[in-house]
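Please read the structure below before turning to the comments.
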Amino acid sequence: MFGIENFWLFVVSGILLNLIPGPDSLLIAGRAATQGFKAGSAAALGIGTGTLIHVFAAALGLSAILATSATAFTIVKYIGGAYLLYMAYCMFKDGITDQPASLKSPTPTPLRKIYSQGLITNLFNPKVAVFFLAFVPQFISASSESKPFAFLILGLVFNFNGMIWCHIIAWASSSLSRKLVVSNRVKQWLSRTTASVFALFGIRLLTASQNA
């Protein structure tokens, strides 16, 4: 249908790719562990929105600019890397308090802000756009007369499966946090650890090459 080939192979491959840890899953797990399922879900929905934008951009051919233009790729990666470093700074700052950890919890981040973090983290990662251009066309017939529409269908399927996995991460992280009765001190440690890993992701993105 619409020139889509090996659909179920695409679904399985997409699920396996979603299982690979990255800044998106780290953000969801970190927020869910420290603020509960709603916070993890907000991050997941932001990430899903970013993915949808990438899918539509790729279907319209806009993402090809990032794949072929070194200047555009560099600009977007610098924005994304700088934002990841900014998030790392904010998370680390939130995990520090002058009061004893037993008396004060890390300041909760508003759900709207968490959603925005997920959106920006995903949207300004040029590797996501390049990934869709490289991965999805493999499952569309060269003779298809509806390539953009087939691309949209596959992209939406990929994003839907990804949202299921992202919410599983949020649920598992929040559930584990509740069962372990995570103390404020542990929550602060989690916040600072997540911040450190985000800083590493930011540096990695800043130093990424277009063809890597």
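Observations on the model:
- Mean separation of Cα contacts under 8 Å (6+ apart) over length of segment 1-81, as relative contact order %: 13 percent
- Theoretical gain in end-to-end length, Arg204 to Ala82 [0.36 nm per residue, Cα-Cα removed]: 42.8 nm
- Net charge of neighbours whose Cβ lies under 13 Å from the Cβ of Ala199, counting Lys and Arg as +1 and Asp and Glu as -1: +3
- Residues with amide H under 5 Å from that of Ile140, placed H, sequence gap 5 or more: Glu5
Since every read-out is calculated from the coordinates, none of them should be taken as a lab result. Computed from a predicted structure; not experimentally measured. Reconstructed Cβ throughout: ideal geometry from the backbone, glycine too, with neighbour counts over all protein chains shown.
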